[in-house]
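J.: One structure follows; several queries about it will come next.
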Amino acid sequence: MNEELNMRDDSAREASMNRERELATAFVDLADTYAPGFDPLRLFHRLVHTCRGLLAVDAAAVMIADARGTLKTMAATEEEAAFIELMQMQTGSGPCMDCYRTGRARSVPDIATERERWPALVPAMSAAGYRSLNTVPVRLHDRSLGALTLLNARTGHLPDGDLHLAQALTDSAALALMHWPTEPRGDDVVTRVQSAIAAKSALETAKGMIAAYHGLPVHEAGRLLADYADGHGVSLADTAQALVGRTMELAVILDGNENETAGS
């Protein structure tokens, strides 16, 4: 009996240590703005995938407000068109916009009860298989920059610990954004946020160009572009901008990935 209890204690301690290591790695990754090829696209990608990996959520997306106060999706764990459209529905109204405007977290434990408030969002969420939503502000000190959305296929509130962790991760990402060496260099919040949004816009344009050139779905084009940047140790934002600016040939993306695979 004692041996069984000891084994359980050891297992619990090991799980706790693993969790601590995962948390430490997550915060280091989000704060590592001086890594080769760092750019805001990677930063926000890490944020949403870290949240899905560490928290009790099924999907995550992060949105940042442009100069007009319109939310733009910067990264999402799901690439399906339906999911992106679901995020776009909240650019003018919805819990994400409420969170951004107030700078306070919002919890919607059962989206079906909010049909009168958000008549377009509720059926779209239900159709996509999500039944509850939590959102925390992307903020720099007291300034709200956007919102992180956490979706679940089940109803109910997220544990308080998960919400606190989501906020801490999001705050860390916002702080890292302010250390991003933009070009031309800008030290104010507005410049960096607008530079991040411009980088995301260039990425979406580059994905469309690659998809059309190679006859691929857009999500596959995005994967090839990310793989190319990873494989060559270059910034994803810079690579996308080079493609959009026609200083890099579209054929290089597919050819570069094929050559790397052949050489491995």
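J.: Which condition number in (1) β-branched (V, I, T); (2) assigned to a strand (DSSP E or B); (3) outside the structural domain of I64 (by TED's automatic domain parsing) is the one that V190 fails?
T.: Tallying (1) β-branched (V, I, T); (2) assigned to a strand (DSSP E or B); (3) outside the structural domain of I64 (by TED's automatic domain parsing), V190 fails exactly one: (2).
J.: Cβ-Cβ under 6 Å, sequence separation 6+ or interchain: first residue in segment 139-154 and in contact (Cβ under 8 Å) with a residue 60 or more places away in the chain and surrounded by 20 or more Cβ atoms within 10 Å (Cβ to Cβ), partner in a strand (DSSP E or B) and of a type in the set (D, E, K, R). Which pairs?
T.: Pairs found: none.
J.: Let me ask something additional. Just checking, how many residues over segment 62-83 are surrounded by fewer than 16 Cβ atoms within 10 Å (Cβ to Cβ) and part of a helix (DSSP H, G or I)?
T.: Summing the residues that are surrounded by fewer than 16 Cβ atoms within 10 Å (Cβ to Cβ) and part of a helix (DSSP H, G or I) in segment 62-83 gives 2.
J.: Does any residue of segment 172-191 turn out to be surrounded by fewer than 18 Cβ atoms within 10 Å (Cβ to Cβ) and modelled with pLDDT of 90 or more?
T.: No, segment 172-191 has no match at all.
J.: Which one of T170, T70, T77 is of a type in the set (V, I, T) and farther than 19 Å from F27 by Cα?
T.: Unique residue meeting the criteria: T70.
J.: D162: closer than 20 Å to L55 by Cβ and surrounded by fewer than 19 Cβ atoms within 10 Å (Cβ to Cβ), yes or no?
T.: Here the answer is yes, as D162 does meet what is asked.
J.: How many of the residues making up segment 227-237 are modelled with pLDDT of 90 or more and out of contact with any Ser or Thr (no Cβ under 8 Å at 6 or more places or on another chain)?
T.: 1
J.: Among the residues that make up segment 45-60, is at least one of them touching a residue at least 40 places away in the same chain (Cβ under 8 Å), out of contact with any Ser or Thr (no Cβ under 8 Å at 6 or more places or on another chain) and acidic (D, E)?
T.: yes
J.: Here is a follow-up. Inspect segment 142-151 for any residue being over 27 Å from S195 (Cβ atoms) and either over 17 Å from the mean Cα position of the chain (by Cα) or outside the structural domain of V48 (by TED's automatic domain parsing) (or both) and give the result as yes or no.
T.: no
J.: Which one of A112, A174 is touching a Gly at 6+ places or on another chain (Cβ under 9 Å) and either outside any strand (DSSP E or B) or outside the structural domain of F27 (by TED's automatic domain parsing) (or both)?
T.: Going through A112, A174 in turn, the sole match is A174.
J.: Run T77 past the list (1) among the polar types (S, T, N, Q); (2) touching a helix residue (DSSP H, G or I) at 6+ places or on another chain (Cβ under 7 Å); (3) at pLDDT below 65 and report the number of the one that doesn't hold.
T.: Failing condition for T77: (3).
The values are calculated or read from the model by the stated rules, or taken from the named source; none is laboratory data. Nothing here was measured: the structure is a model prediction, and the numbers come from that model. We place every Cβ from the backbone using ideal geometry, glycine too, and count neighbours over all the protein chains shown.
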